[in-house]
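Here is the structure we will look at.
The values are calculated or read from the model by the stated rules, or taken from the named source; none is laboratory data. All values derive from a computational prediction rather than experimental measurement. Reconstructed Cβ throughout: ideal geometry from the backbone, glycine too, with neighbour counts over all protein chains shown.
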Amino acid sequence: MKKSIFLFVCIFLCGCGAGPLERPIQEDLNSELASKTLNPEIQLSFGKHDVTGKNLGTYVSNKKTYSPSKSPEYACQVAFLSAVKSLQDRAEREGGNAVVNIHSYYKKVPKWSDTTYHCQDGAYLTGVALRGTVVKQ
C-alpha cells in the first residue's frame, strides 16, 4: 500500500506542469512587470527581419523561474521577461541599441514568430529560451 501511495505521489508531482505553452509576446511586453523590468532604450524586434545597422553578434538567453506557487501564464511571463532583459543587458555590454530577430530557441530549435514565444512549464521550473541578434542602428 505504501508503495502504491508513493508511486501515485511521484506521478502526480512529475505531471503538474502545464507543459509547452505558446504565449503572446505583446501581452507580456505590455504588462506591468515588463514596465518595471525592461530597458525602454534598447529596442526589440521579434520574428525574422532583415538586419539593419552593425551586427554585433547573436546571443542566447535561457531563463527559468521556480513555478509551483505561480500560474503557468505568470511563470512564463516572468521567465520571458527575464530572458528579454538578459538580451537587452547583452546589447548594452556590446555597445548595441537594439536586439532584432528575437525568436524562441527551446532545446536549440529555432521557432520564429512575430506574435508568440515558446514557454516550457514544468512541475517545479518554467523556462524560456530566446535567441536574438544585437545591433547598433
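For region 49-76, the set of residues classified as among the basic types (Lys, Arg) and at pLDDT below 95 consists of 70 only.
Only one entry in 79, 91 is more than 11 Å from the chain's Cα centre (by Cα), surrounded by 21 or more Cβ atoms within 10 Å (Cβ to Cβ) and at pLDDT 95 or above, namely 91. Listed here are the strands (runs of 3 or more DSSP E) enclosed by region 35-137 that have at least 1 residues being out of contact with any His (no Cβ under 6 Å at 6 or more places or on another chain) and more than 16 Å from residue 25 (Cα to Cα): 54-66, 98-104, 116-121, 125-136. Does residue 128 meet the test of being under 19 Å from residue 47 (Cβ atoms), surrounded by fewer than 19 Cβ atoms within 10 Å (Cβ to Cβ) and at pLDDT 95 or above? No: the conditions fail for residue 128.
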